[in-house]
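So the structure is just underneath, and the comments pick up after that.
The values are calculated or read from the model by the stated rules, or taken from the named source; none is laboratory data. The structure displayed is predicted, hence computed values, not measured ones. In this analysis, Cβ positions are derived from the backbone assuming ideal geometry, glycine residues included, and neighbour counts consider all displayed protein chains.
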Amino acid sequence: MRKFITATAVVALIAGGSAAIAAKPKPKISEAQARAMALKLAPGKIKEAEYEFERGGWRWSFDIQMPGHIQEVGIDAMTGKLVENSNEGAVDHD
């Protein structure tokens, strides 16, 4: 019985922690502002955009089709600072 109660408590803590992260704060940087910043760094066609919690903070994330590869650009949604600018791999043929 004690193991069951402990396991239940762990599951409740994990679920509670996820709920805290799931509450999306209103970004200070709009998607349009972040999109313009991302396209200056990686001129191309945005294939996917999302507002997400990653690496400890809320950010706008853009997958941008570049010649020969996809570039992922992340802009901090609260400060507007660049948090990621990385090559995600080969060309997306969609």
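Side notes on the structure shown:
- Any hit, region 47-55, residues being in contact with a helix residue (DSSP H, G or I) (Cβ under 6 Å, 6 or more places away or on another chain), in a strand (DSSP E or B) and at pLDDT 95 or above: yes
- Region 35-81: number of residues that are among the hydrophobic types (A, V, I, L, M, F, W, C), surrounded by fewer than 17 Cβ atoms within 10 Å (Cβ to Cβ) and closer than 14 Å to Val91 by Cβ: 1
- Within region 25-34, considering residues that are crowded, with 17+ Cβ neighbours inside 10 Å and among the aliphatic types (A, V, I, L, M), the one farthest from Gly74 (Cα to Cα): Ile29
- Ala12 passes every criterion in (1) under 21 Å from Ala77 (Cα atoms); (2) exposed (fewer than 11 other Cβ atoms within 10 Å of the Cβ); (3) at pLDDT below 95; (4) of a type outside the set (Val, Ile, Thr) apart from (1).
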